[in-house]
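Asker: Just dropping this structure here.
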Amino acid sequence: MQHTPSQIWLRRLTLVTIAFTAVVIILGAWTRLADAGLGCPDWPGCYGHLDVRQAHSYVDQTNRENPGTYREAFTTIPEMIHRYFAGTLGLLVLAITALSWVNRKQPGQPLALPSGLLALVIFQALLGKWTVTMGLQPTIVLLHLAGGFTTLILLCWLAARLYQWPGTVRDAAVRGLKPLAIVTLVVMSLQTALGGWTAANYAAVACTELPICEAGWTQRLDFGEAFTFFGHDHDGPDYEFGVLEHEGRTTIHVMHRIGALVAFVFAGALAIALLWRARSTLFRNFGLAIGAALLVQFGLGVSNIVFHVPLSVAVAHNFGAAVLLVVLVLFLRAIHHEPWGEDGNH
């Protein structure tokens, strides 16, 4: 089928936006994990400036004249760079939506998905604003993280539809893995949320020993405090560096570690089953991709504990979760893309 120039541009723009979203997710993790989330306490500017150089200069000069007035000047940099990229991402999604409506009469052109993406990105902008104005309230931070991951997943799904991927695949042996894949996706999503909740509550170093936590951790659990999503009891002006007691943070951290073991078992079982059953190159590659991403993610998680959460490792661990979710979602699409015959033919 011959594609129109606008269809070709839509495809290319979607791929560019996927790459751009990946960068925004990495920058968001960098901002959060570098404790720069409140580097700019106002929104959308930074201390009234849209130019990060002016904001940095203003904060630096003010702190020299009146030491301790504001946070360190360098924290303005990751926060504003993230906002620049996030704003550009919003414009890219707007362009995708506009092109989708231009192509609305073309066969198979999705409209609900790009329109939904635009609505999601607008909501993401609001969450970004509330993250700052509500002083890094943990639930808002978690929702903002989840929104970024969801944006990446939906963009990958849109690209798959636009490119009509994966086309014709004959591999009936993998059909029976769909229930396991769905359960794995649910488990991995919950584990990713636990990871986000751990970061939002500054609980990453609540436990520093392997495999679960320091001795006596079972006596230090407080689920009520750990999973209070709104109405935290604290007197500070914001939630920076966390407001939970050690018991609450320990509970969150322990649950994230236990969740990691559960996710490892399910995703590992799916990868092994795929490599065992798959007859097509596509699904064998999915098995390899899931297995490799899982091992890298597990290694990054252990490295966070051993090396006390170095920034580069923590950012990579955050992005690794997004990669695993994307791979699992695309695998489910590949299974369900077209009806299967009993002999594996379409």
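Asker: How large is ³J(HN,Hα), in whole Hz, for each residue of segment 236-246 in order, when computed from phi with the Karplus curve 6.51 cos²θ - 1.76 cosθ + 1.60 and θ = phi - 60°, using x for Gly and Pro?
Answerer: For segment 236-246, the Karplus curve yields x, x, 8, 10, 4, 6, x, 10, 6, 6, 4 Hz.
Asker: Gain in length, Glu72 to Asp42, computed as 0.36 nm per residue apart minus the alpha-carbon separation, to one decimal in nm?
Answerer: Contour length minus Cα-Cα distance gives 9.3 nm.
Asker: For a Förster distance of 30 Å, can you work out the FRET efficiency between the beta-carbons of His308 and Ile258, rounded to the nearest 0.05?
Answerer: On the way: r = 21 Å, r/R0 = 0.69.
So, using R0 = 30 Å, E works out to roughly 0.90.
Asker: Sticking with this structure for a sec: As I understand it, the dipole of segment 171-346 uses +1 on the Cβ of Lys and Arg and -1 on the Cβ of Asp and Glu, about the Cα centre. Which of Thr208, Ala269, Ile258 lies farthest toward its positive end?
Answerer: Highest projection toward the positive end goes to Ala269.
Asker: Select from segment 151-245 those GluC sites (Glu not before Pro) which occupy a DSSP coil region and have at most 16 other Cβ atoms within 10 Å, ordered by residue number.
Answerer: Those satisfying the criteria are Glu209, Glu214, Glu240, Glu245.
Asker: What is the packing order of peptides 296-308, 191-203, taking the mean over residues of other C-beta atoms within 10 Å and listing the highest first?
Answerer: Top of the packing list down: 191-203, 296-308.
Asker: Take the chain, connect every pair of alpha-carbon atoms lying under 10 Å apart with a spring to form a Gaussian network, then pick out the residue of His256, His232, His82 with the largest mean-square fluctuation.
Answerer: Maximum among the listed residues: His232.
Asker: Another one. Quick one: check the C-alpha center-to-center distance for segment 294-336 versus segment 178-250, whole angstrom.
Answerer: Computed from Cα coordinates, the inter-centre distance equals 17 Å.
Asker: For segment 212-224, what does the Karplus curve 6.51 cos²θ - 1.76 cosθ + 1.60, with θ = phi - 60°, yield as ³J(HN,Hα) per residue in whole Hz, taken in order and with x for Gly and Pro?
Answerer: With coefficients 6.51, -1.76 and 1.60, one gets 10, 5, 5, 4, x, 5, 5, 8, 10, 8, 9, 5, x Hz.
Asker: When only Cα pairs under 8 Å and 6 or more residues apart are kept, what is the percent relative contact order across segment 171-346? Each step should come with its number before you reach the end.
Answerer: Working: 182 pairs, mean separation 58.5, N = 176.
Relative CO of segment 171-346 lands at 33 percent.
Asker: For Arg53 and Ala19, what is the calculated FRET efficiency with R₀ set at 30 Å and r taken between the beta-carbons, to the nearest 0.05? Don't skip to the answer; put the middle values down first.
Answerer: Details: r = 26 Å, r/R0 = 0.87.
Computed FRET efficiency for Arg53 and Ala19: 0.70.
Asker: Can you give the longest stretch of the chain with no exposed loop site, where a site means trypsin sites (Lys or Arg not before Pro) in a DSSP loop (not H, G, I, E or B) with at most 10 other C-beta atoms within 10 Å?
Answerer: 106-346
Asker: Put a dot 7 Å past each Cα toward the Cβ at Leu190 and Gln219; how far apart are the dots in nm?
Answerer: Going by the 7 Å Cα→Cβ label model, 2.9 nm.
Asker: How many percent of the alpha carbon pairs in the chain exceed a separation of 40 Å? Display every interim value, and only then the final one.
Answerer: Details: 11405 of 59685 pairs.
The proportion of pairs with Cα distances above 40 Å equals 19 percent.
Asker: Averaging over every viewing direction, what projected area does the convex hull of the Cα atoms of segment 1-165 cover, in nm²?
Answerer: Convex hull of Cα atoms, orientation-averaged projection: 10.1 nm².
Asker: Could you work out how far helix 138-162 tilts from the main Cα principal axis of the chain, as a 0 to 90 degree angle to the nearest 10?
Answerer: Helix 138-162 sits at roughly 20 degrees to that axis.
Asker: At 7 Å along Cα-to-Cβ for each site, give me the label-to-label distance between Thr133 and Gln61 in nm.
Answerer: Going by the 7 Å Cα→Cβ label model, 2.8 nm.
Asker: How large is the helix-only mean residue ellipticity at 222 nm for the chain, computed as the sum of -39500 (n - 2.57) over DSSP H runs with n ≥ 4, divided by its residue count, in deg cm²/dmol to the nearest 500? Mind dumping the intermediate values first?
Answerer: Working: 10 runs with 228 residues, N = 346.
The helix contribution divided over the chain gives -23000 deg cm²/dmol.
Asker: Another one. Which of the chymotrypsin sites (Phe, Trp or Tyr not before Pro) found in segment 204-236 are loop residues per DSSP with 12 or fewer other Cβ atoms within 10 Å of their Cβ?
Answerer: Filter output for segment 204-236: Phe229, Phe230.
Asker: For segment 232-346, what does the convex hull of the Cα positions come to per residue, in cubic angstrom? Numbers along the way, then the final one.
Answerer: Numbers: hull volume 16.9 nm³, N = 115.
Spelled out: Cα convex hull of segment 232-346, divided by residues, is 147 Å³.
Asker: So for the pair Ala112, Leu210, with labels modelled 7 Å out along Cα→Cβ, what separation do we get in nm?
Answerer: Reported label-point gap for Ala112 and Leu210 is 4.6 nm.
Asker: Please tell me the relative contact order of the chain in percent, rounded to the nearest whole number, where contacts are Cα pairs under 8 Å and at least six residues apart. Spell out each step's value before the answer.
Answerer: Details: 418 pairs, mean separation 70.4, N = 346.
For the chain, the relative contact order is 20 percent.
All of the numbers you see were taken from the coordinates with simple rules; none came from a lab. Please read these numbers as outputs of a predicted model, since none were measured by experiment. Note that we place each Cβ from the backbone using ideal geometry, even for glycine, and neighbour counts take in every protein chain shown.
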